Amino acid sequence: MKKNTVLTIAGLSLGISLAAACSTETTNTTTNTNRTTANAANTTTANNAATAPKTEEDAPASVKAVFPDAQSFTKQHKDIPKDAIADIEKDTGGKVPDTDHHSYLAFSTTGGARRQIGAATVVKANGKDIVIVYETKEGLPAIKEVRADGVPAPFLTQFAGKGHDDKFAVGGDIKTNGVDEATAKAIAQAVRIDSMTMQTLYGAAHSH
């Protein structure tokens, strides 16, 4: 500074400019570093999300009530083959509600091991939700229980033990038992369609 006051002043001014530039570059570098870190974090999060196990779809309350000992449920999706849909609709006289069939698998972790303790589906008939609980008999899905709010138990218990080969005919193997005929027929048809669908998707090959 003692050598040249004018140059010093100019140098001081230049120094301030350089300092400001350095400060700006430092800020930009820090910002870019932060962006890179953030992008890396986002990439890591995305990769973790992609590799993480999928959360199990929850079951409706009506299904949970059937399996009070279950700790978790998995919603199973299966496409029904077109030719199977045609056969089911021809045999039942009804309409398969969806080509994507849903069932709920119940699991228990009691004792530390995860095991399946049951399966159920939910179908609609005359505005009512009908819960159908299945078990396996000789490799074939068979109805263990049918539940529906507001429907008399003496009517619903008639479906227990039936399989896709049963007729579910109201006035035949199914009595109305306190249910109006229209509702009884709607429920019987919906249950039979689902029973036949379950056989198609999960049943072992068999002969009649």
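So for segment 134-148 (the condition being modelled with pLDDT of 95 or more and either part of a loop (DSSP other than H, G, I, E, B) or out of contact with any strand residue (DSSP E or B) (no Cβ under 7 Å at 6 or more places or on another chain) (or both)), does at least one residue qualify? Working first, answer last.
Of all residues in segment 134-148, those modelled with pLDDT of 95 or more come to 134, 143-148.
From the residues that got through so far, the ones that are either part of a loop (DSSP other than H, G, I, E, B) or out of contact with any strand residue (DSSP E or B) (no Cβ under 7 Å at 6 or more places or on another chain) (or both) too are 148.
Within segment 134-148, one or more residues are modelled with pLDDT of 95 or more and either part of a loop (DSSP other than H, G, I, E, B) or out of contact with any strand residue (DSSP E or B) (no Cβ under 7 Å at 6 or more places or on another chain) (or both).
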Mind counting the residues in segment 159-173 that are surrounded by fewer than 17 Cβ atoms within 10 Å (Cβ to Cβ) and either at pLDDT 95 or above or more than 31 Å from the chain's Cα centre (by Cα) (or both)?
5
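The values are calculated or read from the model by the stated rules, or taken from the named source; none is laboratory data. Values in this document were obtained by computation on a predicted structure and should not be read as measured data. Counting neighbours? That spans all protein chains shown, and the Cβs are built from the backbone with ideal geometry, glycine included.
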